[in-house]
Amino acid sequence: MIKIEKDVSLRAYNTFGIEAKARYFCTIRSEDQLIELIDTPEFKNEAHLILGGGSNILFTKDYEGLVIKVNLRGIEITDQTTDTISVNVKSGEVWHEFVMHCVDKQWGGIENLSLIPGTIGAAPIQNIGAYGVELKDVVQRVTGIDLDSGLSQTFTNAECNFGYRESIFKHALKEKIFISSVTLTLTTNNHKLNTSYGAITSVLEEKKISPSIKTISDAVISIRRSKLPDPMTIGNAGSFFKNPTIRLDHFNELKKIHPTIPGYPSENQYVKVPAGWLIEQCNWKGKRFNDVGVHAHQALVLVNYGNGSGEEIFQLAKNISSSVHSTFNIDLTPEVNIL
Ligand code: EPU
């Protein structure tokens, strides 16, 4: 029998450490339990929210519906060729623990994604990415259960419609599919190591070590630890905003007034600008207001020092957006899911 609890605190289930309550809450450990759940009155009559590691979510109020905490576990090799291995990973596995498993086994492809918080099941939803690699580079397929029909469904990489922090699961299929596992294709030989991100090369050169799955993973971990607050110590959800893409002519205009503005060419006539730079220029970096603030080492990360509320963080985010808008005429879009 599946257990549905009432009025459960979500504080331990979101990395911002925000206090909010779920009217109903249940933990799902198998596909069968999910099938059972979708037949319950709570599921049928209430709104629902599927929760992985809670590392990309901001609760601004209590959730007046059913929170479904994903806890399916298991890692299984499904195929192997001379150079590759296919691994099916259940959605409740912790992303970073799986990355460490792959580094240990010398399976290549996701070492640049070390230390990203969250679960396997949440990873395809926003196509997690860091240091030159995105999840879409290694996804073979995503398997889920259609919450209307209870039927199993499989999505190929192309069917996931991956983009920068985007996928079909964030749009057309939002809250419609319960992701039960993700199958990744990783390398066992002829690894395609990615050291394109300057900071990785700097760490490797400084330590005089050559790139390998393990040394890249170690470098990424040390870069992340130096810039990003550990959610176990200071509540946060990584980058709060996406890096905006602006038109080249807009960028060139801004460059006349702000000659140091960084920009990376995106698709034709567009330039991607680091939101962290924009926020820092507007003097937000390191600012603290009661128990919420902007991280001192990475202006793109908003933090909860302890007892901040979701509403306060949301208000801070709105103030940051409006100052970036009035200074640069650029609109910031949150990367974090705001509820
Ligand atoms: N910058 C500043 N001030 C800051 C922060 C950044 O000027 O306070 C500028 C610098 O020019 C720096 C550039 O922004 O060179 C890029 O900064 P960083 O390498 O820290 O990366 P980011 O663009 O701020 C993105 C991802 C991160 C990911 C890193 C590394 C987004 C929204 N964020 O951040 O992802 O770890 O690149 O690849 O794309 C996340 O999504 O939660 C996340 C942490």
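The values are calculated or read from the model by the stated rules, or taken from the named source; none is laboratory data. Note that this is a predicted model, so its numbers are computed, not measured. FYI the Cβ positions are ideal-geometry reconstructions off the backbone, even for glycines, and counts take in every protein chain you see. Areas reflect the complete protein model, heavy atoms only, side chains present, ligands, DNA and RNA absent. Shrake-Rupley method; radii C 1.70, N 1.55, O 1.52, S 1.80 Å.
Listed here are the residues, each with its yes/no results for (1) free of Cβ contacts under 8 Å to residues at least 60 places away in the same chain; (2) under 20 Å from I128 (Cα atoms); (3) surrounded by fewer than 17 Cβ atoms within 10 Å (Cβ to Cβ).
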{"position": "L193", "(1), (2), (3)": "no, yes, no"}
{"position": "S196", "(1), (2), (3)": "no, yes, yes"}
{"position": "E206", "(1), (2), (3)": "yes, no, yes"}
{"position": "T215", "(1), (2), (3)": "yes, no, no"}
{"position": "H250", "(1), (2), (3)": "no, no, yes"}
Kindly indicate the residue of the range 196-205 that is within 11 Å of the ligand (Cβ to nearest atom) and in a helix (DSSP H, G or I) and also nearest to A299 (Cα to Cα) among those meeting that condition.
A199
Could you tell me whether V87 is modelled with pLDDT of 95 or more, surrounded by fewer than 21 Cβ atoms within 10 Å (Cβ to Cβ) and β-branched (V, I, T)?
no
Determine which single condition S326 fails, assuming it passes every other condition in (1) part of a helix (DSSP H, G or I); (2) over 20 Å from the mean Cα position of the chain (by Cα); (3) surrounded by 20 or more Cβ atoms within 10 Å (Cβ to Cβ).
(3)
Under 6 Å by Cβ, and 6 or more places apart or on different chains, what pairs join a residue from the range 291-303 that is more than 9 Å from the ligand (Cβ to nearest atom) with one that is among the hydroxyl-bearing types (S, T, Y)?
D291/Y305
Any residue in the range 219-246 that's within 10 Å of the ligand (Cβ to nearest atom): show its pairings with residues that are charged (D, E, K, R) and not in a loop (DSSP other than H, G, I, E, B) at Cβ separation under 6 Å, as long as the two are six or more apart or on different chains.
N243/K272
Check N268 against each of (1) in a loop (DSSP other than H, G, I, E, B); (2) modelled with pLDDT of 95 or more; (3) more than 14 Å from the ligand (Cβ to nearest atom) and name the one condition it does not meet.
(2)
Take the range 51-90 and flag every residue that is touching a Phe, Trp or Tyr at 6+ places or on another chain (Cβ under 8 Å), assigned to a loop (DSSP other than H, G, I, E, B) and assigned by TED's automatic domain parsing to the domain that holds T143.
none
Of all residues being touching a residue at least 60 places away in the same chain (Cβ under 8 Å) and touching a Phe, Trp or Tyr at 6+ places or on another chain (Cβ under 6 Å) in the range 17-48, which is nearest to N236 (Cα to Cα)? Just the residue, please.
I18
Are any residues in the range 206-262 charged (D, E, K, R) and assigned to a loop (DSSP other than H, G, I, E, B), and if so, which ones?
K207, K208, D230, K242
Quick check on the range 120-137: of everything there that is in a loop (DSSP other than H, G, I, E, B) and either more than 11 Å from the ligand (Cβ to nearest atom) or of a type in the set (S, T, N, Q) (or both), which residue is most open to solvent (accessible area, probe 1.4 Å)?
I125
Just name the residue that is farthest from the chain's Cα centre (by Cα) out of those in the range 292-323 that are closer than 16 Å to T15 by Cα and open to solvent by 40 Å² or more (accessible area, probe 1.4 Å).
N307
The range 273-287 residues that are under 17 Å from T333 (Cα atoms) and outside any loop (DSSP other than H, G, I, E, B), paired with ones that are among the hydroxyl-bearing types (S, T, Y) and within 8 Å of the ligand (Cβ to nearest atom) (beta carbon under 9 Å, 6 or more apart)
A275/S239; G276/S239
Just to be sure, is A158 surrounded by 16 or more Cβ atoms within 10 Å (Cβ to Cβ) and either aliphatic (A, V, I, L, M) or more than 30 Å from P229 (Cβ to Cβ) (or both)?
no
